[in-house]
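The values are calculated or read from the model by the stated rules, or taken from the named source; none is laboratory data. Everything quoted here is computed from the prediction, not taken from an experiment. Cβ placement follows ideal geometry from the backbone for every residue including glycine, while neighbour counts extend to all protein chains displayed.
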Amino acid sequence: MLFWAGAGIAVKEALVVFTPLTLIILRFTLAVILMLILGVIFRNNDILQLQKVDKQDIPLFMLGGLFQPFLYFIFETYTYQSFASPTIAEAMLSTQPIMAPIFAWLILREKVTRNNIFGIIVSTIGVLVLILVGVGDFALGNPWGILLAFLTVSMSVSYSIILRRVPSRYSPLSIVFYVQLFSLCLFYPLWGILEANQLIHHTTSILHHTTSLLAVLYLAIFASVTAFILFCYTVRKIGVTRANVFNNVRPIFTAILMWLLFDEILPISKWIGIILIIIGLYFSQNNGKK
């Protein structure tokens, strides 16, 4: 979650030079290449080995690539465009930990305890305090934004469900590698139609923006490889519900990073939100045993 929180800052820096689809193509292409190299180097490692996919499992990997990153990034982009305030969009997208146990119970019959539910509620209240307190613009804007936010969150949770459905014999790197490879098969035609010419015409000027290029490397190495592999491992170990609650700590990391790197002020209301998130996270992971 720390790596994904940093991704928000890196995306903002990279978009100074790159268009959205071009940025997605670059970060995930580099990520797939890096995972291929890691798979060759660590062929005997349980987490980082790259395995062949059995034919009967290919649809699962294809679905994973369709849900996230392909549809997730498309819906997320239009969600931010639909709301008058990006803060409201963030608040709508923070409902993921609430939806995760519903999906997990309906599809996987994953057990959800009272501690899980209480922790999710407290943690989500903390996120809303962290995001919304002190914001003056609460206009929802286009009503379609609510539907798009729901679809965005649904894609992310569905991706988590796929991670649980994939047979346990596959390593986390193998799962993330094939999911992102299939998603690139969907992204490339779309990019070729909409944005490929822009990259060709601006290649020379792009090379002079070192900060934006470093941001792309961060997104590829840490946000698209490291974070995805860690999240995949976590979901398969502790389940969809408990793993998705950790999404609530992303605003904490973002706020602290903005405070450390850009001297952004953290008022007392945001510290209260941070404390609530941590308390809720503790209860959501507590199984009720001493």
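Restricting the search to helices (runs of 4 or more DSSP H) fully inside region 141-227 and requiring at least 3 residues that are more than 24 Å from V16 (Cβ to Cβ), at pLDDT 95 or above and not polar (S, T, N, Q) gives 144-165, 172-194. Reported count of residues in region 58-101, each being charged (D, E, K, R) and out of contact with any Ser or Thr (no Cβ under 7 Å at 6 or more places or on another chain), is 1.
For region 167-200, what are the residues that are among the aliphatic types (A, V, I, L, M) and surrounded by fewer than 21 Cβ atoms within 10 Å (Cβ to Cβ)? Even if it seems obvious, please write down each step before you answer.
Step one: of region 167-200, the residues among the aliphatic types (A, V, I, L, M) are 173, 175-176, 179, 181, 184, 186, 190, 193-194, 196, 199-200.
Once the filter is applied, which keeps residues that are among the aliphatic types (A, V, I, L, M) and surrounded by fewer than 21 Cβ atoms within 10 Å (Cβ to Cβ), region 167-200 yields L181, L184, L186, L190, I193, L194, A196, L199, I200.
Residues to consider are L281, L260; find the one that is within 17 Å of L2 (Cα to Cα), among the hydrophobic types (A, V, I, L, M, F, W, C), assigned to a helix (DSSP H, G or I) and at pLDDT 90 or above.
Numbers: L260 fails: at pLDDT 90 or above.
L281 is the lone residue from the list that is within 17 Å of L2 (Cα to Cα), among the hydrophobic types (A, V, I, L, M, F, W, C), assigned to a helix (DSSP H, G or I) and at pLDDT 90 or above.
Restricting attention to region 100-120, the residues that are surrounded by fewer than 16 Cβ atoms within 10 Å (Cβ to Cβ) and under 25 Å from F75 (Cβ atoms) add up to 5. Counting the residues of region 80-120 that are modelled with pLDDT of 85 or more, part of a helix (DSSP H, G or I) and of a type in the set (V, I, T) gives 5. Could you list, in sequence order, the residues of region 1-55 that are outside any helix (DSSP H, G or I), aromatic (F, W, Y) and within 22 Å of P189 (Cβ to Cβ)? Hit for region 1-55 is F18, nothing else.
Could you please give the count of residues in region 35-48 that are surrounded by 15 or more Cβ atoms within 10 Å (Cβ to Cβ) and closer than 14 Å to S168 by Cβ?
Count: 0.
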